[in-house]
Amino acid sequence: MSAECQHFSRNEQSAVKRAYIRICVPKEWRKPMKTWVISACIACLSFGFVSPASAKVKILAMTTDLAWLAKQIGKDHVKVDSVLTGKEDPHHAVAKPSLILKASRAHLFLDIGMELGVGYVPLILRNSRNGNIQMGAPGFINTSIFVKRLEIPANVTRNSGDVHAQGNPHYWVDPVSFLAAGRAVLQGLIRADAAHAKTYQKNYKQLEKRIVVKLVGKILPQAVGTKKLLKLMRNYKLIPFLQSTKIGGRSIVRYLGGWLKKMLPLRGKTYISHHRQWVYFAKRFGIAPFGQLEPKPGIPPTAKHMLRLLARSKANKPTWIFVAGFLPLQAGRFFSKKAGIPLVQLPISTAKGTGHADYISLMDLMINKLHKAAKK
């Protein structure tokens, strides 16, 4: 038993454990947990669990995008690794011994959430025997907790396909949702290393300003303020606000820059995707899904389904077909040829040794590819 727990009687320890679970553990995780996990959690409540203060916070992130995010906030105070490389399907990964070893040494584990890594994340965590990063422990960070979730199904049955009951988990391709994930990372870093809390907060604010400038340009943050812009964007009300707010009889939408300005001419256009990976990106930038090559999530395209989709697309032709870089291209190429719609192969994550090794480059590449394809 830890020294901290010895200050309490047995009944008091039980009361603290119950209070911790009630306050800190989401309802969906409130299942019986091993005593050693709970004890480790309680022992960490009174102090940061990185010691000494000069030591780096060791972080294992589920995705390369979360790893990049953690590095931007933690900078020199963190050492970050990722489970995925950014070049594979994030639904599937192998719990390699090397990953389990990294998990065993980690202070924090960053999980995308919404069951995206349900096939391998629990296996990595359980085999790591690291009580501090188990689900519900202080070092386990569900980065989706502040994200405005889309596509939460009313009912999930065996016939639904590979549907995520907590919502569509592919939120990081929306910069605003990605910043929301950053808030969860910030909280985790402060909890692990309170000595550098102000530094982490400063770094997060700098990242926030940087991404907002990339989204809207340099003028609006100065005129409207970063905080107000983010609130408008979180509620998908920025463009209506800019169009309805006038100065000198002209709407201030003319001051819009960045990614949103570049996508403005494409608003209202539709796309077909292989899998439903782009709904957050689409909602942010004002484009809309027309359909999917998959008949159901996670089910490979069938000839019957694609012929029906092809018939629909003739009446109201979509602008693009999106296929993630790790998915097979046969179905997309077939449909592109038959329908006369440009096929755009898009990366879904940052990846070392590519032209999208960081998040800014990833978004630049995606938006540039859409623009180029829309002109065909």
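What follows is calculated from the coordinates using simple rules that are stated; it is not laboratory data. For clarity, every value in this text was computed on a predicted model and none was experimentally measured. Cβ coordinates were reconstructed from backbone atoms using ideal geometry, including for glycine residues, and neighbour counts include every protein chain displayed.
Assorted remarks:
- Between residue 118 and residue 245, the FRET efficiency estimated from the beta carbon spacing at R0 = 45 angstrom works out to 0.55.
- When each of 228/262; 75/218; 87/198; 71/376 is checked by Cα-Cα distance, pairs over 31 Å: 87/198; 71/376
- Cα shape, the stretch 249-376, gyration tensor, a/c 1.5 rule: oblate
- Taken about its Cα centre, the stretch 264-375 carries a charge dipole of about 500 debye when Lys and Arg each add +1 at the Cβ and Asp and Glu each add -1 at the Cβ.
- Ranked packing of 295-308, 119-132, 241-254, most packed first, by mean Cβ within 10 Å: 119-132, 295-308, 241-254
- Nearest-20 debye value, the stretch 68-126 charge dipole, Cβ charges on Lys, Arg, Asp, Glu: 280 debye
- Computed over the stretch 264-375: relative contact order in percent, which uses C-alpha pairs under 8 Å that are six or more apart: 21 percent
- Computed label-point distance, nm, for sites residue 183 and residue 198 using a 7 Å Cα→Cβ extension: 2.4 nm
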